[in-house]
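To start, the structure itself, in structure tokens.
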Amino acid sequence: MWFRMKKVGLEFLDEARNKYIVEKETTLPIETVWDAFISPETWSDWFPGVKSASYGDDQAPYGVGTFRESNVSGFLWHETICVWEEYKRWGYSIDQATFPISTAQVEITEFEKTNSGTKVRWIIALNPRFYMRTPTKLLPRQMDKLLTRALENLEQLNKH
């Protein structure tokens, strides 16, 4: 069963009822990190829980307005890319999902080159469904664990 969400864009970062941000650093260069994030076919190799992801039938070059679909821990997500600023920001709004966490949601990842690699900032802005308001309070801790593990996995993949 699909749950439709309100169509939102970047402005939702300032309008959402809840906004969560986690930051992590990796020794990988920004180009490597950026390429991993914008290449959905590799997500299952490094991002925990991702079984598959793709830009569907959309054709390159990809950017704002591109459709994206993913299977994360058995739940399906249909998304629209809402920001694509090379080596700076990439993200999407969620159009519909089989997991009813929110009525509107945007996920943005920001990238910053550092002296030792790359800082990654993951932002989730959402209006949780009523029955999810308490569980979403646990989201920052889960995001922190996921991003830590994702970057560790990405580092391992790039050692070869």
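Bear in mind that the values in this text are calculations on the coordinates, not laboratory data. All figures in this text were calculated on a predicted structure; none of them were measured in a lab. In this analysis, Cβ positions are derived from the backbone assuming ideal geometry, glycine residues included, and neighbour counts consider all displayed protein chains.
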From the options Thr103, Thr42, Thr27, residue that is under 28 Å from Phe130 (Cα atoms) and among the hydroxyl-bearing types (Ser, Thr, Tyr): Thr103
Condition broken by Thr26, with the remaining ones in (1) closer than 15 Å to Ala125 by Cβ; (2) over 13 Å from the mean Cα position of the chain (by Cα); (3) not hydrophobic (A, V, I, L, M, F, W, C) satisfied: (1)
Flag for Leu76 being in contact with a Lys or Arg (Cβ under 9 Å, 6 or more places away or on another chain) and either assigned to a helix (DSSP H, G or I) or surrounded by fewer than 16 Cβ atoms within 10 Å (Cβ to Cβ) (or both): no
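Yes/no matrix, rows are residues, columns are (1) among the basic types (Lys, Arg); (2) closer than 16 Å to Glu23 by Cα; (3) in contact with a strand residue (DSSP E or B) (Cβ under 6 Å, 6 or more places away or on another chain):
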site: Arg89; (1), (2), (3): yes, yes, yes
site: Pro100; (1), (2), (3): no, no, yes
site: Thr134; (1), (2), (3): no, no, no
site: Arg141; (1), (2), (3): yes, yes, no
Which numbered condition Asn71 fails, given (1) farther than 30 Å from Phe130 by Cα; (2) polar (S, T, N, Q); (3) within 14 Å of the chain's Cα centre (by Cα): (1)
